[in-house]
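Colleague: Dropping the structure in here first, questions after.
The values are calculated or read from the model by the stated rules, or taken from the named source; none is laboratory data. All values derive from a computational prediction rather than experimental measurement. Cβ atoms come from the backbone with ideal geometry, glycine included; neighbour counts cover every protein chain shown.
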Protein chains: 2
Amino acid sequence: MHKKHNFGAGPCILPSSVMEQAAQAVINWGGMGLSILEVSHRSPEFEDVVLKTQLLVRELLSVPDHYSVLFLQGGASTQFAMVPMNFLSAGKKAAYLDTGYFAQKAIKEAKLFGEVELVASSKDKDYAYIPVGFNNDKHAAYLHCTSNNTIEGTEIFDFSTAGAPLICDMSSDIFSRKINITDFDLIYAGAQKNMGPAGMTLVIAKNEFLDQAKKEIPSMLDYRVFRDNMSMYNTPPVFSIYVAMLNLLWLKDQGGVSGIEQRNIEKAKLLYAEIDRNPLFYGTADVEHRSRMNVTFLAINKEVETGFLKFAADMGIVGIKGYRTVGGFRASLYNALPLSSVEVLVNAMASFEKIYSDKTVLELE
Amino acid sequence: MHKKHNFGAGPCILPSSVMEQAAQAVINWGGMGLSILEVSHRSPEFEDVVLKTQLLVRELLSVPDHYSVLFLQGGASTQFAMVPMNFLSAGKKAAYLDTGYFAQKAIKEAKLFGEVELVASSKDKDYAYIPVGFNNDKHAAYLHCTSNNTIEGTEIFDFSTAGAPLICDMSSDIFSRKINITDFDLIYAGAQKNMGPAGMTLVIAKNEFLDQAKKEIPSMLDYRVFRDNMSMYNTPPVFSIYVAMLNLLWLKDQGGVSGIEQRNIEKAKLLYAEIDRNPLFYGTADVEHRSRMNVTFLAINKEVETGFLKFAADMGIVGIKGYRTVGGFRASLYNALPLSSVEVLVNAMASFEKIYSDKTVLELE
């Protein structure tokens, strides 16, 4: 049967070769006569998977030795609380950059643990841009930012900032482009975009920063417990880690993060060009902060919006409906989405323009 | 290739029909042209999976309407902290029953949140029994117990207790036998034994009890947030929930929990009978508290232990090595393990006895 063009915002498309290997492992993993779903996480075979996945993360993102690579559960939403629980000490304040829906969620959780300072916000323009030039007070416990705003379609391209330790939610753009790990003290990311299936969370953190964590934190919410136990203090999400390993091996085959970044730039350029050209659609984010992962755009009227959604669905395009609070469209261009799918979408937009203008002319006659 | 006899303690064996359906869904779920790994958790198809899984839990365990069924992440280890975080209020104390390794872990986490009282412990006899007749003070915030002790091989068969609200870690025996939900105020269980793959946690809780939770709890650690959002406050572990649904459908086909309980009793009876009969092995748990899920036993000497492990491995028997702190053997007889696998193990024990006694006679000659 015909494969769909999956522009979903996450859980999202993964390479079909990864799906095939994952399915095979569910039946019989590596010829062991056991499914990947029934092996012990303490088996040498699975311990090897955890180690390989860690090493792939290190290799693909050039993670220096003085940083730890950890696999947790609970998604970015759990990190929203774990970050202040670990690092917002009494008498300190935490600085937050407000760039949208998920940044707001992180701020809400932090307020349960101590004083929160909003260093800047783009709420004034419905989060259509990334604030720059704000004051990053070095006395803050940390500065928290969201590298890519999935709902609003904006992305931070410059992380250079002097001041408080930088903590970044990279859930929706990690592994999509080169980053300089040493710009950050801690990075976290829900896996279900460019890393693997839902159910695991990646954390990359500077050891020196982890050592400053507050004491007396419950084990499963203490980064150091994961570091000291090779992410296996308890039963980890075995299948999610295994599929992440397969997916990172695929990424390596694509020329790594630099290779995929070039293709991601190309895909985004193609789609934004059509949005800017096509009179039926317009982008929502400021041009210089447009996300390469989540392209948000609106239709000129409700008729175009409804009509194009149906037109695209008939062409096997799925997952382009905008987030419920924003409306319109959101096309997510994650790593595994091929350029050919973007071409199908762009062609659909152009075809729909033709049909719509013919129809409108007809109605006017 | 020959399928192994998987006696692993968890993640553990699941039915092969479940593995096959899961593998198919990884390639193309329900003919949608999408993998179960790439569908949105907000899609009507997946919302239906969550609902169906909840209803299956309700049906199989006869969960009354005034209880909620929730799917979380982080395993029982996260529950060890979440329980006191939600229910151990200032000025109250929490009562804990110490029946082994995991009970101890729960106690350790609770101490971070307030006063903990050990109502009874079987530590004096290496946790070979379940303490009975202890005082359950109704003024305690709750009484916490572990229904099945995976490492020590003991199980609680009587939960009737008047006093504080009862909270139970049922990670390793839920769905293996009939329970009376109304005996408990809250039950939690890591999924990776009788429910599904690692990466999800089941919680069943009385609504009235949840309503008493302390305020100001981080969203991902607040049971009420999961209740109010149908376990989808954030991206849930999609694949784990889907496979759990398949597995619970399988369980329903087996005559439900009553049907499987009869088979579990039969399997345990067969293996314990061989342990009691065979002069090379002996059980570690007191007879009346022997677990039906995790059968722990020792060999009479190191030579038998090492020899039998190898002998069994050659017959395709895997996962019977005892926990590192206990040694010897542990054969886990979870729902999906067929009686025929237990027969293979019992026959192996008898055959090894023959070989060993022949060999010993030979050596003596």
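Colleague: Look at residue A:191 and say whether it is more than 17 Å from residue A:60 (Cβ to Cβ) and out of contact with any Cys (no Cβ under 9 Å at 6 or more places or on another chain).
Modeller: Working: more than 17 Å from residue A:60 (Cβ to Cβ): no; out of contact with any Cys (no Cβ under 9 Å at 6 or more places or on another chain): yes.
Answer is no for this residue.
Colleague: Could you please let me know if residue B:80 is closer than 25 Å to residue B:148 by Cα and either at pLDDT below 95 or under 19 Å from the mean Cα position of the chain (by Cα) (or both)?
Modeller: The answer is yes for residue B:80.
Colleague: Restricting to region B:1-18, what's the tally of residues that are surrounded by fewer than 22 Cβ atoms within 10 Å (Cβ to Cβ) and touching a Phe, Trp or Tyr at 6+ places or on another chain (Cβ under 6 Å)?
Modeller: Result for region B:1-18: 1.
Every residue, every condition in (1) within 16 Å of residue A:67 (Cα to Cα); (2) in the same structural domain as residue A:266 (by TED's automatic domain parsing); (3) among the acidic types (Asp, Glu); (4) touching a Lys or Arg at 6+ places or on another chain (Cβ under 9 Å), yes or no:
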site: A:138; (1), (2), (3), (4): no, no, no, no
site: A:157; (1), (2), (3), (4): no, no, no, yes
site: A:163; (1), (2), (3), (4): no, no, no, yes
site: A:175; (1), (2), (3), (4): no, no, no, yes
site: A:179; (1), (2), (3), (4): yes, no, no, no
site: A:187; (1), (2), (3), (4): yes, no, no, no
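Colleague: Does region A:53-65 contain any residue that is closer than 30 Å to residue B:316 by Cα and buried (at least 23 other Cβ atoms within 10 Å of the Cβ)? Can you show your working first?
Modeller: Taking region A:53-65 as the starting set, the residues that turn out to be closer than 30 Å to residue B:316 by Cα are A:53.
With buried (at least 23 other Cβ atoms within 10 Å of the Cβ) added as a condition, the list becomes A:53.
Yes, that holds for at least one residue.
Colleague: What's the number of the only condition in (1) at pLDDT below 95; (2) within 26 Å of the chain's Cα centre (by Cα); (3) among the charged types (D, E, K, R) that residue B:358 fails to meet?
Modeller: Answer for residue B:358: the failing condition is (2).
Colleague: Let me ask you something else. Given the criteria hydroxyl-bearing (Ser, Thr, Tyr), assigned by TED's automatic domain parsing to the domain that holds residue B:100 and touching a residue at least 60 places away in the same chain (Cβ under 8 Å), does residue B:231 qualify?
Modeller: For residue B:231, the condition - hydroxyl-bearing (Ser, Thr, Tyr), assigned by TED's automatic domain parsing to the domain that holds residue B:100 and touching a residue at least 60 places away in the same chain (Cβ under 8 Å) - is met.
Colleague: Right, something else. Considering only region A:326-338, state which residues are within 13 Å of residue A:13 (Cβ to Cβ) and touching a residue at least 60 places away in the same chain (Cβ under 8 Å).
Modeller: Answer for region A:326-338, where residues must be within 13 Å of residue A:13 (Cβ to Cβ) and touching a residue at least 60 places away in the same chain (Cβ under 8 Å): A:331, A:332, A:333, A:334, A:335, A:336, A:337.
Colleague: Same structure again: Hey, residue B:3 hits all of (1) within 12 Å of chain A (Cβ to nearest Cβ); (2) basic (Lys, Arg); (3) in contact (Cβ under 8 Å) with a residue 12 or more places away in the chain; (4) more than 30 Å from residue B:345 (Cα to Cα) but one; which does it fall short on?
Modeller: (4)
Colleague: Scan region B:344-351 and tell me whether some residue there is of a type in the set (Val, Ile, Thr), touching a strand residue (DSSP E or B) at 6+ places or on another chain (Cβ under 6 Å) and in a loop (DSSP other than H, G, I, E, B).
Modeller: For region B:344-351, residues of a type in the set (Val, Ile, Thr), touching a strand residue (DSSP E or B) at 6+ places or on another chain (Cβ under 6 Å) and in a loop (DSSP other than H, G, I, E, B): absent.
Colleague: Right, something else. Only one of these is more than 7 Å from chain A (Cβ to nearest Cβ) and either within 28 Å of residue B:260 (Cβ to Cβ) or basic (Lys, Arg) (or both): B:43, B:16. Name it.
Modeller: B:16
Colleague: Checking the conditions here, which among A:207, A:194 is out of contact with any Leu (no Cβ under 9 Å at 6 or more places or on another chain) and either at negative phi or within 10 Å of chain B (Cβ to nearest Cβ) (or both)?
Modeller: Exactly one of A:207, A:194 is out of contact with any Leu (no Cβ under 9 Å at 6 or more places or on another chain) and either at negative phi or within 10 Å of chain B (Cβ to nearest Cβ) (or both), namely A:207.
Colleague: If you don't mind, there's one more thing I want to ask. Just checking, does region B:32-43 include any residue being under 20 Å from residue A:199 (Cα atoms) and charged (D, E, K, R)?
Modeller: Initially, region B:32-43 is screened for residues under 20 Å from residue A:199 (Cα atoms), giving B:34-43.
Narrowing further to those that are charged (D, E, K, R): B:38, B:42.
Within region B:32-43 (the criterion being under 20 Å from residue A:199 (Cα atoms) and charged (D, E, K, R)), the answer is yes, since at least one residue qualifies.
Colleague: Return the pair list, or none, for Cβ contacts closer than 8 Å from residues in region A:16-41 that are over 21 Å from residue A:234 (Cα atoms) to residues that are of a type in the set (Ser, Thr, Tyr) and not in a helix (DSSP H, G or I), at least 6 apart or on different chains.
Modeller: Close Cβ pairs satisfying both conditions: A:19/B:35; A:25/A:35; A:26/A:35; A:27/A:35; A:28/A:35; A:29/A:35.
Colleague: From the residues in region B:133-162 that are over 26 Å from residue B:329 (Cα atoms) and touching a helix residue (DSSP H, G or I) at 6+ places or on another chain (Cβ under 9 Å), which one is modelled with the lowest pLDDT?
Modeller: B:161
Colleague: Residues of region A:210-227 being away from every other protein chain (no Cβ under 11 Å) and at pLDDT below 95, which ones?
Modeller: A:212, A:213, A:214
Colleague: Tell me, yes or no, whether region A:200-209 has at least one residue that is touching a Pro at 6+ places or on another chain (Cβ under 7 Å), in contact (Cβ under 8 Å) with a residue 40 or more places away in the chain and among the charged types (D, E, K, R).
Modeller: So far as region A:200-209 goes, no, none of its residues is touching a Pro at 6+ places or on another chain (Cβ under 7 Å), in contact (Cβ under 8 Å) with a residue 40 or more places away in the chain and among the charged types (D, E, K, R).
Colleague: Which of the residues that make up region B:95-106 are of a type outside the set (D, E, K, R) and within 14 Å of another protein chain (Cβ to nearest Cβ)?
Modeller: Within region B:95-106, B:101, B:102, B:104, B:106 qualify.
Colleague: Restrict the check to region A:270-290 and report whether at least one residue is farther than 19 Å from residue A:343 by Cα and within 14 Å of chain B (Cβ to nearest Cβ).
Modeller: For region A:270-290, residues farther than 19 Å from residue A:343 by Cα and within 14 Å of chain B (Cβ to nearest Cβ): absent.
Colleague: While we're here: Quick one: in region A:184-240, of everything that is β-branched (Val, Ile, Thr) and touching a His at 6+ places or on another chain (Cβ under 9 Å), which residue is farthest from residue A:84 (Cα to Cα)?
Modeller: Top of the filtered list is A:238.
Colleague: Of all residues in region B:19-36 being crowded, with 19+ Cβ neighbours inside 10 Å and closer than 17 Å to residue A:336 by Cβ, which is farthest from the other protein chains (Cβ to nearest Cβ)?
Modeller: B:29
Colleague: Taking region A:296-322, which residues are within 14 Å of chain B (Cβ to nearest Cβ) and surrounded by fewer than 18 Cβ atoms within 10 Å (Cβ to Cβ)?
Modeller: A:313, A:314, A:315, A:316
Colleague: Residue by residue through region B:46-82, note down the ones that are away from chain A (no Cβ under 13 Å) and in contact with a Gly (Cβ under 6 Å, 6 or more places away or on another chain).
Modeller: If the condition is that a residue be away from chain A (no Cβ under 13 Å) and in contact with a Gly (Cβ under 6 Å, 6 or more places away or on another chain), then B:60 is the only one that fits.
Colleague: Quick test for you: out of A:154, A:150, A:146, pick the one residue that is within 14 Å of another protein chain (Cβ to nearest Cβ), touching a strand residue (DSSP E or B) at 6+ places or on another chain (Cβ under 8 Å) and among the hydroxyl-bearing types (Ser, Thr, Tyr).
Modeller: Result of the check over A:154, A:150, A:146: A:150.
Colleague: Right, another one. Being assigned by TED's automatic domain parsing to the domain that holds residue B:261, more than 25 Å from residue B:190 (Cβ to Cβ), crowded, with 17+ Cβ neighbours inside 10 Å and touching a Pro at 6+ places or on another chain (Cβ under 8 Å), is that true of even one residue in region B:332-353?
Modeller: Scanning region B:332-353, I find at least one residue that is assigned by TED's automatic domain parsing to the domain that holds residue B:261, more than 25 Å from residue B:190 (Cβ to Cβ), crowded, with 17+ Cβ neighbours inside 10 Å and touching a Pro at 6+ places or on another chain (Cβ under 8 Å), so the answer is yes.
Colleague: Inside region A:166-196, can you point out the residues that are within 20 Å of residue A:105 (Cα to Cα) and not small (Gly, Ala, Ser)?
Modeller: Selection gives A:166, A:167, A:168, A:169, A:170, A:173, A:174, A:186, A:187, A:188, A:192, A:193.
Colleague: Given the options A:89, A:62, A:68, A:17, name the one that is over 17 Å from the mean Cα position of the chain (by Cα), modelled with pLDDT under 95 and among the hydroxyl-bearing types (Ser, Thr, Tyr).
Modeller: Selected residue: A:89, the only one of A:89, A:62, A:68, A:17 that is over 17 Å from the mean Cα position of the chain (by Cα), modelled with pLDDT under 95 and among the hydroxyl-bearing types (Ser, Thr, Tyr).
Colleague: Which number in (1) within 11 Å of chain A (Cβ to nearest Cβ); (2) touching a residue at least 12 places away in the same chain (Cβ under 8 Å) marks the one condition that residue B:126 misses?
Modeller: (1)
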